Amino acid sequence: MEQPERHAARGGKPAAPAGLQPYARPQPWGMAPDMMLPDIDTADERLWAPVGPDTWSRPIHLNVTGGFYVHLLRVRRSGVLQRHRHSGQVHALVMRGSWYYLEHDWVAHENSYVFEPPGETHTLVVPDDCAEMVTLFTVHGALMYVDTEGRSTGYDDVFTRIEKYREHFDRVGLGADHVKQFIR
């Protein structure tokens, strides 16, 4: 959560333009609270959970009712992420570095957007000349890890991610419940 001193340091919320009025009615009953996370690409290493060699994930939004999650994936040095198939759609925005899939002929560079349809199976590779890659992923459904023939070797979804983040946050001293701020 943003600290008051950081908010003040940024000059606070600007005044509304003259004549502009905010919505006057209450929000719908039962609506989940909104979320604003400043500085999501943070240098605070405690927020980055290891998910493989030289690979980390930083939770942004863990939506348990919609069955999706938003996270930053960071890979330092070149690397290969485990081959997987998607049960739902995926959206990706490359913030730094580059990556590609063994199964496609394109490379996603900084500011590239990628859409992955349900059923897509691929192997993500960060090239040798990339010192650090950071991509914002929105993952609907599960990542089903598979071998080269498509046989299942495991899976990840919003619930397994929550458990991984809880364990990591507890281990680094933030406490397992630190993950709650990202859950809707």
Problem - So PRO118, is it surrounded by 16 or more Cβ atoms within 10 Å (Cβ to Cβ) and either of a type outside the set (Lys, Arg) or part of a loop (DSSP other than H, G, I, E, B) (or both) - result: no
Practice task
Just need a number here: residues in the stretch 135-184 that are closer than 17 Å to LEU81 by Cβ and of a type in the set (Asp, Glu).
Solution key: 3
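Just a yes or no: is a residue in the stretch 7-24 farther than 29 Å from GLU163 by Cβ and surrounded by 12 or more Cβ atoms within 10 Å (Cβ to Cβ)? Walk me through it before giving the result.
Taking the stretch 7-24 as the starting set, the residues that turn out to be farther than 29 Å from GLU163 by Cβ are 7-24.
Going one step further and asking which of them are surrounded by 12 or more Cβ atoms within 10 Å (Cβ to Cβ), we end up with 7.
The answer is yes; a qualifying residue exists.
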Practice task
Please find, among ASP128, ASP157, the residue that is farther than 28 Å from GLY30 by Cβ, charged (D, E, K, R) and out of contact with any helix residue (DSSP H, G or I) (no Cβ under 8 Å at 6 or more places or on another chain).
Solution key: ASP128
Problem - the stretch 56-92, subset crowded, with 16+ Cβ neighbours inside 10 Å, of a type in the set (A, V, I, L, M) and modelled with pLDDT of 95 or more, residue nearest to ALA142 (Cα to Cα) - result: VAL90
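The values are calculated or read from the model by the stated rules, or taken from the named source; none is laboratory data. As the structure is a prediction and not an experimental result, all values here were calculated from the model. A quick note on method: Cβ atoms are made from the backbone with ideal geometry, for glycine too, and the neighbour counts reach across all protein chains shown.
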